[in-house]
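Let me give you the structure first, and then I'll get to my questions.
No lab work stands behind these numbers, since they all come straight from the coordinates. Source: prediction; values computed, not measured. Methodologically, a virtual Cβ is constructed for each residue, glycine included, from the backbone with ideal geometry; neighbour enumeration extends over all protein chains shown.
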Amino acid sequence: MSFQIPRGTQDILPGEVEKWQFVENTARDLCRRYQYKEIRTPIFEHTELFARGVGESTDIVQKEMYTFQDRKGRSITLRPEGTASTVRAFVEKKLYANASQPTKLYYIGPMFRYERPQTGRYRQFVQFGIEALGSNDPAIDAEVISLAMNLYQTLGLKSLKLVINSLGDSESRKAHREALIAHFEPRIGEFCSDCQKRLQQNPLRILDCKKDRDHDLMGTAPSILEFLNEDSTLYFYKVQQYLTANGIEFEVDPGLVRGLDYYNHTAFEIMSNAEGFGAITTLCGGGRYNGLAQEIGGPETPGIGFALSIERLLAALEAEGIELPISAGVDCYIVTMGDQAKDRAVSLLNNMRNAGLVAEKDYEDKKMKAQFKAADRHQAKFVAVLGDDELANNVIAIKNMETGTQEEIALDQVITYLKQKTM
Ligand code: ATP
Ligand code: MG
């Protein structure tokens, strides 16, 4: 019997995993600088949290969740995204009561969606996301967007496009909603059955329909921007002003919508323009959700965040031909000749590692030539050659693999020497 990995999942092996670590470390470092703190929530939650928090009418809840009953018959779902869990924890653990507000959180971890697997679309994928809870300042919207852009730019991506929109406050959205119904109602029969349901439920989501995207009424639909009241217009203006002040270019796209009722004001997406990136170009999506905390039983709390997947980020790096600066090599590989030298190498290696050096040796009783080959495979900067003769004189030969030069060093000086040369 042989086993295969489930569809839509990946094994990330050595050689590849270093890229993930590099990206994740870069994200963590950015969060530290922007003062977002990590939160780790469970991989599974009660299904009801996502039904409420992500929204009954979304594709995620209707078609994509991994839901099962546990042994006591409770409905459990593997998390499809991170915002609902983060806000649940914020409410349940009363983070809103902390003196320091807004509460700025980030997460990195696997998410699960039953989707049709293709490049950039997996059934298990890793999202990095941030949430800022408790502030209604447009500067925080600009900060959240800036952090996402900063991550991509720090990693070297150039072909980026940021689009933003405003969904306004509830008053603006209500006026827009009525205009949308008036626009689509006379010809709603020409739309798919989903859109027919959406007309009264949530007409904004018609604009997001993938089936009817080419219908002529789509292009002429009333734009949300015409319905923004004064407060919402000013808010959107401020977000744009702060983005510009941060040196971030953007386009306003009134067609960028998020259907759920608790989304308001800022919505944004970051896309890759890179040639050969393929059909799926969205790298990151985010927006403001001032009604979410209340929706899941907490106090009314403004919030904004984004989520992006590491998979798509790495695909964008590949499309742009960007190599991450990952150092794979060891500082020193110890090559031994003779039994005493072999024994002595055990503690020498251990001491090197304790001193902070990246060090390795042979464990297969290889001949000297094969040990040197292994040193090459480990991309060793230095090879330390220890034979029984050297040992008798308390010295060791150190070969610089880049220059090919060799020096004899006192055995008790070798670590100091290597540290000087490599750190
Ligand atoms: P899409 O339109 O591509 O399905 P989405 O609207 O479902 O995206 P969000 O729920 O907003 O995406 O998730 C935010 C980000 O997470 C996306 O911009 C994308 O980078 C990533 N993402 C979403 N689904 C997947 C997936 N199945 N595999 C890999 N990355 C994903
Ligand atoms: Mg999706």
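Give the Rg/Rh ratio for the stretch 54-138, taking Rg as the radius of gyration of the Cα atoms and Rh as the Kirkwood radius, to two decimals.
1.04
Using only the alpha-carbon atoms, what does the chain span along each of its principal axes? Please give whole angstrom values in decreasing order.
Extents along the principal axes: 95, 57, 46 Å.
Report the label-to-label distance for Asp343 and Leu217 in nanometres (one decimal), using points 7 Å from each Cα along the Cα→Cβ vector.
8.8 nm
Suppose only helical runs count, i.e. DSSP H with n ≥ 4. What mean residue ellipticity at 222 nm does that imply for the chain under -39500 (n - 2.57) per run, divided by all residues and rounded to the nearest 500 deg cm²/dmol?
-10500 deg cm²/dmol
Using the alpha carbon gyration tensor of the stretch 332-422, what are the three equivalent-ellipsoid semi-axes (square root of 5 times each eigenvalue), largest first, in whole Å?
Listed largest to smallest, the semi-axes of the stretch 332-422 are 16, 16, 13 Å.
For the stretch 143-281, count all C-alpha to C-alpha pairs, find those more than 26 Å apart, and express that count as a whole percent of the total.
The calculated P(r) of the stretch 143-281 puts 32 percent of pairs beyond 26 Å.
Would you please give the residues with an amide H less than 5 Å from that of Thr336, counting only those at least 5 places away or on a separate chain, with H modeled from the backbone geometry?
Long-range HN contacts for Thr336: Leu386.
For the stretch 248-366, what does the relative contact order come out to in percent, with C-alpha contacts under 8 Å and a separation of six or more?
Relative contact order here is 17 percent.
Based solely on C-alpha atoms, express the radius of gyration and the Dmax of the stretch 32-180 in angstrom.
Spelled out, the Cα radius of gyration and Dmax of the stretch 32-180 are 17.5, 51 Å.
Something else now. With only alpha-carbon pairs counted, each pair once and no self-pairs, how large is the Kirkwood hydrodynamic radius of the stretch 293-383 in angstroms?
About 17.4 Å for the stretch 293-383.
Where in the chain lies the longest segment free of GluC sites (Glu not before Pro) that are both loop residues by DSSP (not H, G, I, E, B) and have at most 14 other Cβ atoms within 10 Å?
57-248
Another question, if that's okay. Over 29 Å between C-alpha atoms is what I'm after, so list which of Lys37/Lys381; Lys367/Lys419; Lys158/Lys238; Lys19/Lys373; Lys93/Lys174 land there.
Lys37/Lys381; Lys93/Lys174
Further, regarding this structure: Put one equal scatterer on each alpha carbon of the stretch 210-327, apply the Debye formula with no solvent term, and list log10 I(q)/I(0) at q = 0.10, 0.14, 0.19, 0.23 1/Å to two decimals.
-0.44, -0.83, -1.25, -1.38
Hey, rough spin-label estimate for Asn350 and Asn136, points 7 angstrom out along Cα→Cβ, what's it come to in nanometres?
6.4 nm
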